[in-house]
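As structure tokens, the structure follows; a few thoughts come after it.
The values are calculated or read from the model by the stated rules, or taken from the named source; none is laboratory data. Please read all numbers here as calculations on a predicted model, not as lab measurements. Glycine also receives a Cβ, built like all others from the backbone with ideal geometry; neighbour counts cover every protein chain displayed.
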Amino acid sequence: MKSFFVILCFVILISACSKEVRAPKDSYEGHGSLWDVHVENSFVEKNGSRFFNIIYSYKGSNDELQEITHISFAQGTQLNSQIVNVFNNSHKDKLIAEGKYQEEEITRLGIIFDDLKHKNDKDFKIEFKSNDNDKDFDVFKVIESDRINLQIHWENNQEKHEESIEIKGK
């Protein structure tokens, strides 16, 4: 009887030490000195491709934000890296006036035009294409098992600034 009790305690102890299974996170967050980032853990299907969103939030003042003329948002994982450029609308007007504006080229290069001079909120919701071919190994599984690196480059008053934020899954 005593050996049965010892074996039962041993089985309970071993089962309590089994490998922990973690539920996937709903989102991932990172913080820098002037930017916060929020990676939404969901895909949007469009035209046969999957996309995910990263929200970049500027922590400076609205006046500082309205002085920005160009921002580059980049993300990189083990799977791939992408850059999206945001220009003030005046840049689009300049390209049109010079005859250099081509919609297909703008889309291919990941360029977005926004009214940065009159922007009321400090958030930029940027859509990135998920280039994972294997749906069992997507960008969120890579973040969970490793990390995502985020880079923000911006220009204002002829000055260039940059910030790097790394979000680790483990």
Every residue from the stretch 72-96 that is of a type in the set (Val, Ile, Thr) and part of a strand (DSSP E or B): Ile83, Val84, Val86
Note: among Thr69, Thr107, just one is in a strand (DSSP E or B), farther than 24 Å from Glu29 by Cβ, β-branched (Val, Ile, Thr) and out of contact with any Ser or Thr (no Cβ under 7 Å at 6 or more places or on another chain), namely Thr69
Inspect the stretch 66-77 for any residue being closer than 23 Å to Lys46 by Cα and at pLDDT below 80 and give the result as yes or no. no
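Just name the residue that is nearest to the chain's Cα centre (by Cα) out of those in the stretch 41-52 that are under 11 Å from Val139 (Cα atoms) and assigned to a strand (DSSP E or B). Quick ask: steps written out before the conclusion?
From the stretch 41-52, those under 11 Å from Val139 (Cα atoms) are 41-43, 50-52; that's our starting set.
Those still in the list that are assigned to a strand (DSSP E or B) too: 50-52.
Numbers: Arg50: 14, Phe51: 11, Phe52: 8 Å.
Per the stated criteria, the residue is Phe52.
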Can you work out which of the residues in the stretch 121-157 that are within 30 Å of Asn88 (Cα to Cα) and at pLDDT below 80 is surrounded by the most Cβ atoms within 10 Å (Cβ to Cβ)? Val139
Would you call Asp123 out of contact with any Lys or Arg (no Cβ under 9 Å at 6 or more places or on another chain) and under 24 Å from Arg50 (Cβ atoms)? yes
Here are Lys94, Lys122, Lys46, Lys100: which of them is of a type outside the set (A, V, I, L, M, F, W, C) and under 21 Å from His31 (Cβ atoms)? Lys122
